[in-house]
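Enquirer: Pasting in a structure now, in structure tokens, and then I'll have a few things to ask.
Since every read-out is calculated from the coordinates, none of them should be taken as a lab result. Not measured: the values here are computed from a predicted model. No Cβ is skipped: glycine too gets one built from the backbone with ideal geometry, and neighbour counts run over all protein chains shown.
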Amino acid sequence: MALHLLTLLFAAALIASVAVKYWLAWRQLRHVTAHRAAVPEAFASRVSLDAHRRAADYTVAKGRFGLLVTAASAAVVLGWTLLGGLDALNVALRESLLARLGPLGYQLALLGAFALIAALVDLPFEWWSTFRLEQRFGFNRTTLRLWLFDLAKGTLLGLLIGGPLAALVLWIMGAAGHWWWLWAWVAWAGFNLLILVLYPTVIAPLFNTFEPLADETLKTRVQALMQRCGFAAKGLFVMDGSRRSAHGNAYFTGLGAAKRVVFFDTLLAKLTAGEVEAVLAHELGHFKHRHVLKRIATMFALSLAGLALLGWLATRSWFYTALGVQPNLAAPNDALALLLFATALPVFGFFVSPLGSLLSRRHEFEADAYACAQASGADLASALIKLHEDNAATLTPDPLYVRFYYSHPPAGERLAALRPATA
């Protein structure tokens, strides 16, 4: 009964998630296309009709590509699970590697082979997104050589970092008994905190060049803003984002003394000093309201709950068989359990994802309000319009699509909230 019920639930959730994604995408495509011919009245004096149409075309192109990605992703999940792909991979590696590499080596090979196959499946979609979709609208600035070089560096970094972590988690699962999931969570949480500290100075420079902010006038203005906000950073840096994309952004990264403020060079080329200050004030609003810490705490809490659930499921044979895998009899099932759980959980998690989007949009409104108190609301509004236009973000998204997916409020809602500060 448990086998039959979980199989039905998983299949129903997969079909329902794909159906909802297609329905929302259809609404978005229809809504954006219907409003393509005219700039919304609130933006009529700031955004040209050509820019508005370009944003609509870009949104529609991404939406259509997203339909293909959705179908392919669902097919891959189905192939790994109910159609027996993971089971076949496990049998092949178990028979050929278990005796030679031992239980831990075989399980690491299973995790690595799964990751490699998944990456190879995703590769054509990533290539098309970069060199066809982004290229078509003038956003891509990377070369095939640089793209391949980034891919190689990312793969090597994943092996160097992910390999030891995977080995540690598998060892904990086999050696820590019933409470393995708690110790695995401690290891995973510690690893993520370490990455947050190391990312700004060790990992990010492997992919981009970071130069100290050279504009002394802007630097003085930014430092005064940070002092008003009580924010201490290790430095102000400009990142060569233009090597890969025309999109612009600013962010702060790291924890504790490792925090640093980073501006994309593309952002500095498009915004005035006042607008840059307002954008940074928005990012500092996230810091002041502890949004980053709250998101980290939420992520840690959800991961703890997820690992506790996996600790229970991993001891049930129906968990494997219901999802198309025969559990090992003479070898550990820890890697199988991890892969099955990581494959199946997003199918069910999709239906609660709007809650995360809602919380994120609320955080954005709070950060906007803080920015208006510390900098110019008019500059923030002007910067938002420029960034929306430069990034070809549609000004007329479907309202329901926004509620489900958008982590940031659409431009119309953000400017309406900013209006009292810009008056």
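Enquirer: Once the other residues with Cβ under 15 Å from the Cβ of Ala214 are scored (Lys, Arg +1; Asp, Glu -1), what is the net sum? Spell out each step's value before the answer.
Expert: Working: positive: Lys219, Arg221; negative: Glu211, Asp215, Glu216, Asp240, Asp265.
For residues surrounding Ala214, the net value is -3.
Enquirer: Using only the alpha-carbon atoms, how far is helix 353-374 inclined from the longest principal axis of the chain? Give it as 0 to 90 degrees, nearest 10.
Expert: 30
Enquirer: So how tilted is helix 411-422 from the main axis of the chain? Cα-based, degrees 0 to 90, rounded to 10.
Expert: For helix 411-422, the angle is close to 40 degrees.
Enquirer: Taking the DSSP beta bridges in the chain as the whole, what percent of them are antiparallel, to the nearest 5? Mind dumping the intermediate values first?
Expert: Numbers: 8 of 12 bridges.
Restricted to the chain, the bridges split so that about 65 percent are antiparallel.
Enquirer: Before anything else, pin down the relative contact order of the chain: Cα pairs under 8 Å, at least 6 apart, normalised by residue count, whole percent. Could the numbers behind the result be given before it?
Expert: Numbers: 453 pairs, mean separation 104.1, N = 423.
RCO, the chain: 25 percent.
Enquirer: Would you pull out the residues with amide H under 5 Å of Val238's amide H, same chain only if 5 or more places away, H placed 1.01 Å from N?
Expert: For Val238, whose amide H was placed from the backbone, the distant partners under 5 Å are Glu211, Leu213, Phe263.
Enquirer: Sticking with this one: At a Förster radius of 35 Å, what calculated FRET efficiency corresponds to the Cβ-Cβ distance of Ala38 and Leu146, to the nearest 0.05? Please report the intermediate quantities before stating the final value.
Expert: Numbers: r = 39 Å, r/R0 = 1.12.
With a Förster radius of 35 Å, E is 0.35.
Enquirer: Additional query: If I model a spin label at Thr201 and Leu8 as a point 7 Å from the Cα along the Cα→Cβ vector, what separation in nanometres do I get?
Expert: 5.8
Enquirer: Let me ask you something else. Nearest 500 deg cm²/dmol is fine: what mean residue ellipticity at 222 nm does the chain get from its DSSP H runs of n ≥ 4 alone, each adding -39,500 (n - 2.57), divided by its residue count? Could the numbers behind the result be given before it?
Expert: Numbers: 15 runs with 295 residues, N = 423.
The per-residue figure over the chain is -24000 deg cm²/dmol.
Enquirer: Here is a further query. Among the listed pairs Lys21/Lys270; Lys294/Lys386; Lys62/Lys259; Lys62/Lys234; Lys234/Lys294, which have their C-alpha atoms separated by more than 31 angstrom in this model? Before the final figure, lay out each step's value.
Expert: Working: Lys21/Lys270 34 Å; Lys294/Lys386 29 Å; Lys62/Lys259 34 Å; Lys62/Lys234 37 Å; Lys234/Lys294 22 Å.
From the list (Lys21/Lys270; Lys294/Lys386; Lys62/Lys259; Lys62/Lys234; Lys234/Lys294), the Cα-Cα distance tops 31 Å for Lys21/Lys270; Lys62/Lys259; Lys62/Lys234.
Enquirer: Also, quick follow-up: Arg46 to Ala330: FRET efficiency via 1/(1 + (r/R0)^6), r the Cβ-Cβ distance, R0 60 Å, to the nearest 0.05?
Expert: Numbers: r = 68 Å, r/R0 = 1.14.
About 0.30, to the nearest 0.05.
Enquirer: Determine the sum of side-chain charges near Val276: Lys and Arg each +1, Asp and Glu each -1, restricted to other residues whose C-beta is under 13 angstrom from that of Val276.
Expert: Overall, the nearby charge balance is -2.
Enquirer: Express in whole angstrom the spacing between the alpha-carbon centres of the range 116-163 and the range 354-423.
Expert: 30
Enquirer: Could you tell me which label, among (i) -1.15, -1.31; (ii) -1.22, -1.45; (iii) -1.36, -1.50, carries the value of log10 I(q)/I(0) by the Debye sum over Cα atoms at q = 0.13, 0.14 Å⁻¹ calculated for this structure?
Expert: (iii)
Enquirer: Treating the Cα atoms of the range 319-409 as identical point scatterers in vacuum, please give the log10 of the normalised Debye intensity I(q)/I(0) at q = 0.18, 0.19 Å⁻¹, two decimals.
Expert: So the normalised log intensities are -0.90, -0.95.
Enquirer: Could you give the nm distance between label points at Ser242 and Arg228, where each point is 7 Å from its Cα heading toward the beta carbon?
Expert: Placing both labels 7 Å beyond Cα along the Cβ direction yields 2.9 nm.
Enquirer: Quick one: helix 291-313 against the long Cα principal axis of the chain, what's the angle to the nearest 10°, folded into 0 to 90?
Expert: Helix 291-313 sits at roughly 10 degrees to that axis.
Enquirer: Follow-up question, since we're still on this one. May I ask you to order 337-349, 95-107 by the average number of other C-beta atoms within 10 Å around their residues, highest value first? Please report the intermediate quantities before stating the final value.
Expert: Numbers: 337-349: 18.2, 95-107: 15.4.
So the order, starting with the most tightly packed, is 337-349, 95-107.
Enquirer: Shifting gears a bit: Could you work out the relative contact order of the range 295-423, using alpha carbon pairs under 8 angstrom and six or more residues apart, expressed as a whole percent? Show your work: numbers first, answer last.
Expert: On the way: 70 pairs, mean separation 32.9, N = 129.
Relative contact order, the range 295-423: 26 percent.
Enquirer: How many nm is it between the label spots at Ala75 and Ala189, if each spot is 7 Å from the Cα in line with the beta carbon?
Expert: In this crude label model, Ala75 to Ala189 measures out at 4.1 nm.
Enquirer: While we're looking at this one, here's another question. How much net charge surrounds Ala392 when only the other residues with a Cβ under 14 Å from the Cβ of Ala392 are counted, with Lys and Arg +1 and Asp and Glu -1? Provide the component values of the computation, followed by the final result.
Expert: Working: positive: Arg36, Arg53, Arg54, Lys62, Arg136, Lys270, Lys386; negative: Asp50, Asp57, Glu134, Glu389, Asp390.
With Lys, Arg at +1 and Asp, Glu at -1, the neighbours total +2.
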